[in-house]
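Engineer: Sharing a structure here in structure tokens format.
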């Protein structure tokens with residue numbers, strides 16, 4: 001009895017955006033429209049507790065609607081970049097979402113995957129049981145045990161929403177499969193998949209004679225990656241341009257012994273600039289600790305603003321402003337970051353020069369990962385014919401230029417920044433489950 005081809009899917013669960021692909025009647029694969037005709041959806045969930053009574057569970061809102069609910073000031077808890085939790089100690093913990101209600105981080109991820117699956121099943125008209133899931137080359141740098149735990153946690157979340165047969169594919173390999181659909185000759189390609197959470201590189205042989213092979217292990221010369229990408233860029237932008245207004249790297253009061261004043265403690269600022277750690281700053285013990293630090297600040301205004309951020313839960317709003325400024329610069333412009341929520345009329349200019357100053361070390365580490373990938377494969381930079389860019393962060397031209405400079409003979413090809421991986425996962429799923 002033939003297997004219903006609709007019973008499988010391909011899931012790109014991304015740090016910043018996600019997508020899901022399903023089979024089509026013409027033996028192809030198509031991305032599902034997830035909201036307002038968009039085939040990608042921000043990896044975000046808002047747990048709304050406004051107006052709830054008793055033990056009524058919070059309402060879950062996803063994607064762009066989740067971001068809008070948060071920015072509108074609705075009562076609840078925003079979760080973003082949940083993929084970053086995989087492989088960390090947070091994965092097994094619970095977190096408060098408001099009004100004394102708590103959810104497990106694993107359940108947040110499972111709920112988001114369930115939302116993708118439900119929307120896909122509305123498209124297919126049949127339940128989905130089998131899936132290919134994308135994964136970065138490394139969930140966790142330099143720790144194979146935690147990396148394996150991260151993949152297992154993602155698999156557990158997928159099984160919790162009803163998927164029973166699960167296969168994984170590296171995200172940069174999926175991008176290579178997407179590129180391969182467009183080429184008419186053999187080529188050695190370096191895939192640069194730089195998204196929200198990781199920068200992954202794969203050196204792959206592609207071509208029309210290879211594209212129908214299910215087992216492509218012989219064509220993959222090397223995989224390498226680093227856990228630095230778009231959300232790290234957001235962090236650096238916020239630390240450089242926004243959080244100094246709240247005392248980051250500020251000095252303490254003049255000391256009686258004439259010694260130079262000390263810099264104020266910085267941990268809280270790093271937490272406020274990291275998507276999945278922001279809410280840890282809002283707990284009562286942490287707030288009390290920060291309140292006791294008032295005497296550490298040479299300028300009382302800095303401490304007042306920091307406490308305002310904590311008390312009014314402005315962390316996500318500030319990091320969103322950093323992300324918006326990063327995007328504006330990436331698109332060739334500049335930004336005036338509006339910080340009126342901290343002080344009337346407060347604006348901070350941000351341009352390409354400041355962006356490069358803030359991001360230089362991260363960009364270098366990403367570019368150096370290219371060198372490691374080539375060394376692992378025993379391939380010279382001159383042998384690479386194409387560098388295929390995908391992932392949202394490849395829209396930042398200084399980064400792609402820095403990578404391209406290491407590959408003097410390579411032709412730069414830019415795929416769909418948000419959909420190439422999902423499309424490639426769909427190609428792999430079709431071959432695997434057909």
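The values are calculated or read from the model by the stated rules, or taken from the named source; none is laboratory data. Computed from a predicted model, the values in this text were never measured in an experiment. Here Cβ is always computed from backbone atoms with ideal geometry, including for glycine, and neighbour counts include all displayed protein chains.
Engineer: Any residue at all in segment 308-315 that's modelled with pLDDT of 95 or more, outside any strand (DSSP E or B) and either farther than 21 Å from residue 279 by Cβ or in contact with a strand residue (DSSP E or B) (Cβ under 9 Å, 6 or more places away or on another chain) (or both)?
Structural biologist: No, segment 308-315 contains no residue that is modelled with pLDDT of 95 or more, outside any strand (DSSP E or B) and either farther than 21 Å from residue 279 by Cβ or in contact with a strand residue (DSSP E or B) (Cβ under 9 Å, 6 or more places away or on another chain) (or both).
Engineer: Taking the conditions exactly as written (assigned by TED's automatic domain parsing to the domain that holds residue 162 and modelled with pLDDT of 90 or more), does residue 70 satisfy them or not? Before the answer, list the steps.
Structural biologist: Working: assigned by TED's automatic domain parsing to the domain that holds residue 162: yes; modelled with pLDDT of 90 or more: no.
So residue 70 does not fit the description; no.
Engineer: Would you confirm, using the coordinates I've provided, whether residue 65 is without any contact (Cβ under 8 Å) to a residue 24 or more places away in the chain, in the same structural domain as residue 148 (by TED's automatic domain parsing) and farther than 21 Å from residue 272 by Cβ?
Structural biologist: no
Engineer: Now, a different point. With closer than 22 Å to residue 316 by Cα and under 27 Å from the mean Cα position of the chain (by Cα) as the only criterion, which of 160, 192, 240 stands out? Give the steps one after another, and end with the answer.
Structural biologist: Numbers: 160 fails: closer than 22 Å to residue 316 by Cα; 192 fails: closer than 22 Å to residue 316 by Cα.
When all the criteria are applied, what remains is 240.
Engineer: Return yes when residue 128 is touching a strand residue (DSSP E or B) at 6+ places or on another chain (Cβ under 9 Å) and either modelled with pLDDT of 90 or more or outside any loop (DSSP other than H, G, I, E, B) (or both) and no when it is not.
Structural biologist: In short, yes.
Engineer: Looking at (1) under 22 Å from residue 331 (Cα atoms); (2) modelled with pLDDT under 95, which is the one condition that is false for residue 363?
Structural biologist: Looking at each condition in turn, residue 363 falls short on (2).
Engineer: Same structure again: Determine, yes or no, whether residue 332 is outside the structural domain of residue 12 (by TED's automatic domain parsing), surrounded by fewer than 22 Cβ atoms within 10 Å (Cβ to Cβ) and in contact with a helix residue (DSSP H, G or I) (Cβ under 9 Å, 6 or more places away or on another chain).
Structural biologist: yes
Engineer: While we're here: Grab the strands (runs of 3 or more DSSP E) fully contained in segment 1-104, keeping just those with 3 or more residues being at negative phi and surrounded by fewer than 21 Cβ atoms within 10 Å (Cβ to Cβ).
Structural biologist: 94-98, 101-104
Engineer: Now a separate question. Residue 315 is checked against (1) assigned by TED's automatic domain parsing to the domain that holds residue 220; (2) surrounded by 18 or more Cβ atoms within 10 Å (Cβ to Cβ) and fails just one. What number does that condition carry?
Structural biologist: Among (1) assigned by TED's automatic domain parsing to the domain that holds residue 220; (2) surrounded by 18 or more Cβ atoms within 10 Å (Cβ to Cβ), residue 315 violates only (1).
Engineer: Mind checking whether some residue in segment 377-392 is within 25 Å of the chain's Cα centre (by Cα), in contact (Cβ under 8 Å) with a residue 60 or more places away in the chain, surrounded by 15 or more Cβ atoms within 10 Å (Cβ to Cβ) and on the phi > 0 side of the Ramachandran plot?
Structural biologist: yes
Engineer: Something else: Would you confirm whether or not segment 372-387 contains a residue that is closer than 23 Å to residue 330 by Cβ and in a helix (DSSP H, G or I)?
Structural biologist: Within segment 372-387 (the criterion being closer than 23 Å to residue 330 by Cβ and in a helix (DSSP H, G or I)), the answer is no, since none of the residues qualifies.
Engineer: Filter segment 393-416 down to the residues that are crowded, with 19+ Cβ neighbours inside 10 Å and assigned to a loop (DSSP other than H, G, I, E, B), then identify the one that is nearest to the chain's Cα centre (by Cα).
Structural biologist: Filtering first and then ranking leaves 396.
Matching residues to (1) outside any helix (DSSP H, G or I); (2) touching a strand residue (DSSP E or B) at 6+ places or on another chain (Cβ under 9 Å); (3) under 19 Å from residue 275 (Cβ atoms):
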position: 325; (1), (2), (3): no, yes, yes
position: 333; (1), (2), (3): yes, no, no
position: 336; (1), (2), (3): yes, yes, no
position: 341; (1), (2), (3): yes, no, yes
position: 349; (1), (2), (3): yes, yes, no
position: 353; (1), (2), (3): no, no, no
